[in-house]
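Scroll down for the structure; my scribbles are underneath it.
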Amino acid sequence: MSASPTPSPTPSPTPATYRIATDSIITTFAGGGTVGATTDADPYGIGDGGAPAAANAARPGNVVVAPDGSVYFTESGTGRANPLPLVREVSGGVIRTFAGGGTSLATDSPVPPRQAGKLSSAIAITPGGDLIVRDSRGPATNGAIQAIAGATGNRYGKALVAGSLVALYIPTAAPSPIPGHLAAAPGGDLYVSDATSKVVWKLDQTGAFSVVAGNGATATATGSAAGDGGPAASASLGSVSRLSVDPGGNLFLSETGNPTRVRMLCLQSGTHFGIEMVAGNLYPVAGRGTFNAAGAADVGDLGHASNLAGDALEATFRNHTAIAFDPAGNAFVLDTGNARIRRIDRKTRVITTVAGRGVTTSTSAPLGDGGPAGQATFNNPVGLAFLPDGRLLVADDVNNRVRVIGPVP
């Protein structure tokens, strides 16, 4: 890996419609903060068929946005009398249950999505509109990859039927892939982290798996010892807490534990985050590897004592998860344990907090809705995705709602 330049303290501009900053306004997009009570009229007690912000949500997890602007988010159901995991859809200003609530495990035969049972928080959306979900079938609690097809056709080695759920892959036992987290590439291929070994797989359109990152060993250091700057498939990995793909198709690994950081599998050679990269190699782009203490005020943002220049490679994280990207490729990292959303400039690699003041609050306390995002609080935020109009969605898990941050000029 070539030497990395010292980052400039002045972030490069983002398209105006996507400028998410501390003065952006945060509100609730879906979920009113309660899990809901079961009634005869609404068997799940969650407000299907109504306005999203008036509905209930029980521990929302991952959130994705389809090409047509429809929003899908997972719910674990924790706290409900009948805690079935669900996938909810928000489209045309109305919320409904899209998948889950049934008892069926993965099957090779197409079934209605509402028959699905044991859904996890791992979901992804493809450019063609296929919603990819994972259930709990397989060894231990690891599960099958399933698709709710956006259109009828042959993909991933399967015959998909529009609107129906079908299994793309049902695990048997290691060393076959045991699916963990999911992400979709621009061409429709799927990336799958392995729940039992330190590798990341690619599932292509023919249904074949191949390893794209990880040699199976656990990373215990940074630098060349972990394969930084070298072929991704030869690198050792930390615990992969989420997979994300940027507009150029590059794959990002949120790695937690020791070391804790973000690494990028470069698929387009060039300069990214101030680093000259070669396609096929794995590079750290954020995190110096340490896991900061809970409630830390200094997390290595621009101007913090530990990192005055704001170089993302010198920042610290605490159980970071999802990463979302604006059209310019700037990365927004959900620093879950620090209750913050942090922006990493694509050109300068400068890191700043754009939402969250690092304080965790419960649903009974003021969350900062209606005010600036920089003063908001979160409780285990775990999902992040941009809407087509530039608003940023945040799945605020323990606060039982999906929140939205509006762009500013």
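The values are calculated or read from the model by the stated rules, or taken from the named source; none is laboratory data. All values derive from a computational prediction rather than experimental measurement. All Cβ positions, even for glycine, are placed from backbone atoms using ideal geometry, and neighbour counts span all protein chains on display. Heads up: the accessible areas ignore ligands, DNA and RNA and are worked out on the full protein's heavy atoms, side chains in. Shrake-Rupley method; radii C 1.70, N 1.55, O 1.52, S 1.80 Å.
Quick rundown of the values:
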quantity: Portion, in percent, of the accessible area of region 278-409 that falls on carbon or sulfur, probe 1.4 Å; calculated: 56 percent
quantity: Solvent-accessible area, 1.4 Å probe, carbon plus sulfur percent, for region 47-104; calculated: 51 percent
quantity: Surface share of carbon and sulfur [accessible, 1.4 angstrom probe, percent] for region 110-261; calculated: 53 percent
quantity: Charge sum, other residues only, whose C-beta stays under 10 Å from Asp397's C-beta, Lys/Arg counted +1 and Asp/Glu -1; calculated: 0
quantity: C-alpha center-to-center spacing [region 302-337, region 163-193] in angstrom; calculated: 28 Å
quantity: Mean Cβ count within 10 Å, highest first, over the residues of peptides 87-96, 346-355; calculated: 346-355, 87-96
quantity: Approximate spin-label separation Ser224-Gln268, in nm, with each point projected 7 Å along Cα-to-Cβ; calculated: 3.1 nm
quantity: Cross-link reach list, lysines versus Lys158, counting only Cα pairs under 26 Å and skipping chain neighbours closer than eight places; calculated: Lys118, Lys202
quantity: For the chain: accessible area per residue (Å², 1.4 Å); calculated: 36 Å²
quantity: Formal net charge of residues neighbouring Gly238 (Cβ-Cβ distance under 15 Å; K, R +1; D, E -1); calculated: +3
quantity: Cβ-based net charge around Gly102, under 12 Å, with every Lys or Arg adding one and every Asp or Glu removing one; calculated: +1
